[in-house]
């Protein structure tokens, strides 16, 4: 016999990328520029965009960075990342490598 009681407390909502993303992009490619000069090239195998939070959850991330003259300076790879498109901030997680 199994019994329990209901406390009336509902679980909080959890965002799951696969079922609540506003947009899902496959093979995403995004160029970041400043004054017409390329500063970064962000690529991801999959990107889950969430409009209310203005973020994108990225999978299999590869970012190439460029200097003020547009010359390639470094690359970053990671398994996951978050792009906050309003501020332009990016976070990398899991197996992060910068060269």
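The values are calculated or read from the model by the stated rules, or taken from the named source; none is laboratory data. These numbers were taken from a predicted model, which means no experiment stands behind them. Glycine also receives a Cβ, built like all others from the backbone with ideal geometry; neighbour counts cover every protein chain displayed.
Worth a mention:
- Consider segment 1-22 and keep the residues that are under 17 Å from residue 82 (Cβ atoms) and surrounded by fewer than 11 Cβ atoms within 10 Å (Cβ to Cβ). The one that is modelled with the highest pLDDT is 18.
- Assessment of segment 72-80 against the conditions (surrounded by 13 or more Cβ atoms within 10 Å (Cβ to Cβ), within 18 Å of residue 23 (Cα to Cα) and in contact with a strand residue (DSSP E or B) (Cβ under 7 Å, 6 or more places away or on another chain)) yields at least one matching residue.
- Test result for residue 58, in contact with a strand residue (DSSP E or B) (Cβ under 6 Å, 6 or more places away or on another chain), surrounded by 12 or more Cβ atoms within 10 Å (Cβ to Cβ), at pLDDT 95 or above and in a strand (DSSP E or B): no
- Candidates 46, 64, 33: the one that is at pLDDT below 90 and part of a strand (DSSP E or B) is 33.
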